[in-house]
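*Asks:* Can you keep this structure in mind? I'll have questions shortly.
The values are calculated or read from the model by the stated rules, or taken from the named source; none is laboratory data. Computed from a predicted structure; not experimentally measured. Using ideal geometry, Cβ is built from the backbone for each residue, glycine included, and neighbour counts are taken over all protein chains shown. We work out accessible area using only protein heavy atoms, side chains counted, and drop any ligands, DNA or RNA first. Shrake-Rupley method; radii C 1.70, N 1.55, O 1.52, S 1.80 Å.
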Amino acid sequence: MIHVTAVLVLLISAFIFVVVTGMLVYVVVKFRRPENDDGNEPPQIYGSTNIELAWTVIPILITVVLVLVTSRTIGEIQNMKMPEDALKVRIVGHQWWWEVHYPDLGIITANEIHVPISDRDAAKATPTHLTLQAADVMHSFWVAQLAGKTDLIPNKDNESWIDPYETGVYFGNCAEYCGTQHANMLLRVIVHTKEGFEKWVANQKAEPAAPSTPEEIEGHRLFFANSCVNCHKVSDSVAVGVFGPDLSKLMTRQTIGAGVAPLNRETLWSWVRDPQVLKPGCFMPDMKLHDKEVDAVVAYLETLK
Ligand code: CUA
């Protein structure tokens, strides 16, 4: 819809550009200073009702066409009805990360939104319906290749939807200045085939294996003995904090710190040691763990997959 409108607007604008530039070039060439210019002022001509009417009426007509065409497209998009069975995702913007809920599937994750591929054919389309909320200040959801920007506003639910036709990873970011780490409030939309999405859902719902090695067990103990549990949630455990990202399936994500670095042992270690190194100003404090304790906590976190 937007593409057709954009092409039409571009064509009209291009036509105006060509006409205006053509006339300008013509006038510049035709009325350039002649060789035998006597330096006297040429005769001054004032007023021409016909020309004035033309340059008033034609632009008004063009503007009316543009207004009608764009308002029609805006209306079509605003009044778009989501299919009853559309996948529902609730996204909450936080300073500086994205909380991602799948209310019908009972899945909570962060910063990476997994969705199934849709179809160009409206009858077969499987769009994803997004509810956008903010936990603290205003943010803006923007995945340029999939949808326009939509603000996340405290105490107001906004809506949007995405309807991707190709599998792959689509990059997005927060598009409303929201504080120190606004620039590192990145998100990814990962579009799967239908089967791939089912697989992802099944994996997200599966309980992670219990910690087994002594190091993992020690890390588990440390995690639950420290204040980690006040901010982070882990599956069905006493860790029910909601200030920070849900860690139940941490290791299934591609990045750490809302896209600040790829997620691997080194970055995870650095993050647990002191998050302020990778993401200065973020709200997770330096827990002042010793290196050995960090080793253990990382070993435990690595079981969350
Ligand atoms: Cu959130 Cu900028």
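*Asks:* Specify which of the listed residues (Phe197, Phe224) is in a helix (DSSP H, G or I) and under 23 Å from Tyr170 (Cβ atoms).
*Replies:* On the way: Phe224 fails: under 23 Å from Tyr170 (Cβ atoms).
On inspection, the qualifying residue turns out to be Phe197.
*Asks:* Give Thr267, Thr303 a once-over and let me know the one that is part of a loop (DSSP other than H, G, I, E, B) and among the β-branched types (Val, Ile, Thr).
*Replies:* Working: Thr267 fails: part of a loop (DSSP other than H, G, I, E, B).
Selected residue: Thr303, the only one of Thr267, Thr303 that is part of a loop (DSSP other than H, G, I, E, B) and among the β-branched types (Val, Ile, Thr).
*Asks:* A further question on this structure: Which ones in region 161-172 are within 13 Å of the chain's Cα centre (by Cα) and crowded, with 18+ Cβ neighbours inside 10 Å? First the steps, then the outcome.
*Replies:* Going residue by residue through region 161-172, those that are within 13 Å of the chain's Cα centre (by Cα) are 161-162, 169-172.
Of everything in region 161-172, those that are within 13 Å of the chain's Cα centre (by Cα) and crowded, with 18+ Cβ neighbours inside 10 Å turn out to be Trp161, Ile162, Tyr170, Gly172.
*Asks:* Name the residue that is most open to solvent (accessible area, probe 1.4 Å), counting only residues in region 130-157 that are more than 14 Å from the ligand (Cβ to nearest atom) and assigned to a strand (DSSP E or B).
*Replies:* Top of the filtered list is Lys156.
*Asks:* How many residues does region 268-281 hold that are open to solvent by less than 20 Å² (accessible area, probe 1.4 Å) and not aliphatic (A, V, I, L, M)? Don't jump to the end; show me each part of the working.
*Replies:* From region 268-281, those open to solvent by less than 20 Å² (accessible area, probe 1.4 Å) are 268, 272, 275, 279; that's our starting set.
Right, trim to not aliphatic (A, V, I, L, M) and you get 275, 279.
So the count comes out to 2.
*Asks:* So Ala206 passes all but one of these: (1) more than 22 Å from Leu132 (Cα to Cα); (2) open to solvent by 60 Å² or more (accessible area, probe 1.4 Å). Which condition number does it fail?
*Replies:* All conditions are met except number (2).
*Asks:* Check region 174-182 and report whether any residue there is within 11 Å of the chain's Cα centre (by Cα), within 25 Å of Ser248 (Cβ to Cβ), within 16 Å of the ligand (Cβ to nearest atom) and not acidic (Asp, Glu).
*Replies:* Yes, region 174-182 contains at least one residue that is within 11 Å of the chain's Cα centre (by Cα), within 25 Å of Ser248 (Cβ to Cβ), within 16 Å of the ligand (Cβ to nearest atom) and not acidic (Asp, Glu).
*Asks:* Mind listing whichever residues of region 44-88 are closer than 30 Å to Ser118 by Cβ and in a helix (DSSP H, G or I)?
*Replies:* Applying the first criterion (closer than 30 Å to Ser118 by Cβ) to region 44-88 yields 66, 68-88.
Leu66, Leu68, Val69, Thr70, Ser71, Arg72, Thr73, Ile74, Gly75, Glu76, Ile77, Gln78, listed by residue number.
*Asks:* For Ala258, are the conditions met, namely being surrounded by 19 or more Cβ atoms within 10 Å (Cβ to Cβ), hydrophobic (A, V, I, L, M, F, W, C) and part of a loop (DSSP other than H, G, I, E, B)?
*Replies:* So Ala258 passes the test.
*Asks:* Please go through (1) open to solvent by 50 Å² or more (accessible area, probe 1.4 Å); (2) in a helix (DSSP H, G or I); (3) touching a helix residue (DSSP H, G or I) at 6+ places or on another chain (Cβ under 7 Å) for Val238 and return the number of the only condition it doesn't satisfy.
*Replies:* Every listed condition holds for Val238 apart from (2).
*Asks:* Using the structure shown, decide if Ile2 is modelled with pLDDT under 95 and surrounded by 10 or more Cβ atoms within 10 Å (Cβ to Cβ). Let's see the steps before the verdict.
*Replies:* Working: modelled with pLDDT under 95: yes; surrounded by 10 or more Cβ atoms within 10 Å (Cβ to Cβ): yes.
Judged against the criteria, Ile2 is a match.
*Asks:* So which residues in region 98-129 are open to solvent by less than 20 Å² (accessible area, probe 1.4 Å) and either in a strand (DSSP E or B) or of a type in the set (Lys, Arg) (or both)? Explain how you work it out, then say what you get.
*Replies:* Here is the first cut: in region 98-129, the ones open to solvent by less than 20 Å² (accessible area, probe 1.4 Å) are 98, 100, 102, 107, 109-116, 118, 127-128.
Of everything in region 98-129, those that are open to solvent by less than 20 Å² (accessible area, probe 1.4 Å) and either in a strand (DSSP E or B) or of a type in the set (Lys, Arg) (or both) turn out to be Trp98, Val100, Tyr102, Ile107, Thr109, Ala110, Glu112, Ile113, His114, Val115, Pro116, Thr128.
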